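This report concerns only the one structure given below.
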Amino acid sequence: MARKADRGFLARVAKVLPGLTATAGGASASVYPLGWHVVGALVLCTVLSWPTRAAGILVRSERVSCPICGQEVTLERWISFGSYMFDWPDKYDLVYRPQTREGFIACCARCGYAQTAPEFLEISAEQVARLKAAEFMRQWQPSDPNTKVPFLTRLERVIKTNEILGGDPGFWAWFNRIVIYHYRSLDPAKARQVAEQEIAILKKGTEESDKLLKKQRLYLLGEYSRLIGDSKGARRYFDKARRTSINYEITKAPILAGGLCLGLGVLLTLPFLKRLRVVLVILLVAVLLSVTVAVVSWHHLRDLRQPDDYYNSLIDDRVKLLDSASQPADRPRSQARRRW
């Protein structure tokens with residue numbers, strides 16, 4: 001009975017979707033149609049390929065020779081990472097993992113040479129000689145090569161390494177932010193000290209023609225002014241950063257899309273120039289389609305997340321910290337109720 005019911009259902013489907021009910025190799029109707037297997041496979045592929053948000057960084061270890069003493073050192077190499085890194089706490093310093101991972105800084109346990117992993121091997125013979133002559137390198141106490149040097153030691157030594165190698169202002173403007181991020185939790189006093197150095201570098205910024213760099217610079221000036229306790233300066237820079245817009249221009253795309261539809265409609269009328277009624281119908285459909293495409297694309301683009309949304313959300317978070325810090329902690333309850 002069930003078999004007959006199934007065949008009746010398949011027969012009705014065959015009338016509506018004959019292309020999906022072809023059976024494999026002329027198999028009997030009791031066998032599931034080949035078309036439905038295709039549909040099932042497509043549905044499964046859609047589910048499996050549905051965008052999901054991963055939250056990890058794939059890394060691998062690589063053994064290299066230290067350019068100073070020749071000892072083997074393990075470097076961390078990054079295989080993949082994604083946009084989820086923009087939501088982690090280091091975003092407030094505008095540096096992102098893997099740059100803020102502890103493995104980003106490598107150190108040789110034998111000679112004490114420390115450097116960021118991408119630059120660990122990028123050192124000239126003249127720089128090697130300069131480092132070997134440095135006092136902080138000669139004072140290093142060699143340890144077991146397999147010993148992992150504590151992160152705070154690595155961080156302090158990589159700072160000294162680049163002070164001797166003479167990193168340019170662009171390098172320090174970037175690397176100081178990594179140092180500040182780590183010192184926020186490891187040594188807040190040093191974080192404020194490095195923030196003052198970063199403020200001095202940022203104030204010399206001349207990238208006014210690039211609005212993105214300008215917005216980033218103003219935000220960082222606000223954040224590090226807040227970090228050193230300059231609330232008024234922080235609010236001033238945050239306000240300037242908020243008023244610097246870096247959003248994409250979205251008005252041209254809908255107009256272009258609508259224009260293309262209208263142009264296509266005009267082209268379609270060419271074979272029917274002698275039939276006025278057909279030409280008018282095609283032009284009417286083309287106009288309606290172009291207007292629809294323009295409106296729909298406008299609404300879609302308007303709802304997209306713009307760059308200003310990201311940076312302004314960072315500013316909002318930091319301004320909230322300023323507001324909470326300015327409110328007295330021991331306010332009487334009677335005053336706390338009257339917030340109107």
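Which of the helices (runs of 4 or more DSSP H) contained wholly in segment 124-171 include at least 1 residues that are closer than 11 Å to CYS107 by Cβ? Where helices (runs of 4 or more DSSP H) fall fully within segment 124-171 and carry at least 1 residues being closer than 11 Å to CYS107 by Cβ, they are 151-165.
Selection of segment 123-152 for residues being under 29 Å from the mean Cα position of the chain (by Cα) and touching a residue at least 40 places away in the same chain (Cβ under 8 Å) yields only PHE151. The residue that is modelled with the lowest pLDDT, counting only those in segment 67-102 that are β-branched (Val, Ile, Thr) and in contact with a Phe, Trp or Tyr (Cβ under 9 Å, 6 or more places away or on another chain), is THR100.
For PRO150, the test of being over 30 Å from ASP317 (Cα atoms), surrounded by fewer than 18 Cβ atoms within 10 Å (Cβ to Cβ) and not assigned by TED's automatic domain parsing to the domain that holds GLY222 is passed. The listed residues are SER231, SER209, and the only one of them that is at pLDDT 90 or above, surrounded by fewer than 18 Cβ atoms within 10 Å (Cβ to Cβ), hydroxyl-bearing (Ser, Thr, Tyr) and on the phi < 0 side of the Ramachandran plot turns out to be SER231.
The values are calculated or read from the model by the stated rules, or taken from the named source; none is laboratory data. Because the structure is predicted, anything quoted here is derived from the model rather than measured. Don't worry about glycine lacking a Cβ; one is built from the backbone with ideal geometry, like all the others, and counts go over all protein chains shown.
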